[in-house]
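Each value in this text was obtained by applying a stated rule to the coordinates, not by laboratory testing. Please read these numbers as outputs of a predicted model, since none were measured by experiment. Virtual Cβ from ideal backbone geometry, glycine too; neighbours counted across all protein chains shown.
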Amino acid sequence: MSETVAAVVLWLFIVNLGIAFGAGLYEHRIVLSRWLQGAPGGWHWNGEAVRLDDTGRRFWGFVTTLPLTLLTLLSMWAAIDATGTLRTWWLVASAAALADRLLTFFYFIPTMIGLMKATDSPAAVMVATRWRTLNYLRLATVFIAWLAAMKAFALFYRAA
């Protein structure tokens, strides 16, 4: 991979990770409270709100599902060609982003598809609560990937 292409991949990787992290925080803090609602009698799952928002198809599919996955794989490839500490930081960023992608594809997306069909029930609340709790792990993984990618970016341009 040429140095110019590697630079573009790293730029896009950082921008996309930043958008994914910020949007993930927004969804977790603002949107999720519409879906999983606390009430005096306990928690309730609002599947109708999830179906109306449909963030997976309206937003995440365009921002992370394909673009971040592709950029993660390209970043891994570019990082393998890099040398020294740049290689280390870029691989850390790529590995963390890959962990996020795997969590997303094998847990978060399938679980949310099931929750979109669910009605308010103790079972749905339990699954949604677990989804919300594990989402902290996903956000932390994306944040680590973003920070490591920015460190790689600094090293990339220090070497240039």
If each Cα of the stretch 1-55 is one equal point scatterer, what is log10 of I(q)/I(0) from the Debye formula at q = 0.20, 0.31 Å⁻¹?
-0.76, -1.10
Dipole magnitude (debye, nearest 20) for the stretch 13-160, charges at Cβ of Lys, Arg, Asp, Glu:
160 debye
Starting from the exponent 0.38 and prefactor 2.2 Å, build the expected Rg for the stretch 49-160 from its residue count and divide its actual Cα Rg by it.
1.28
Debye equation applied to the C-alpha atoms of the stretch 108-160, log10 I(q)/I(0) at 0.32 Å⁻¹
-1.12
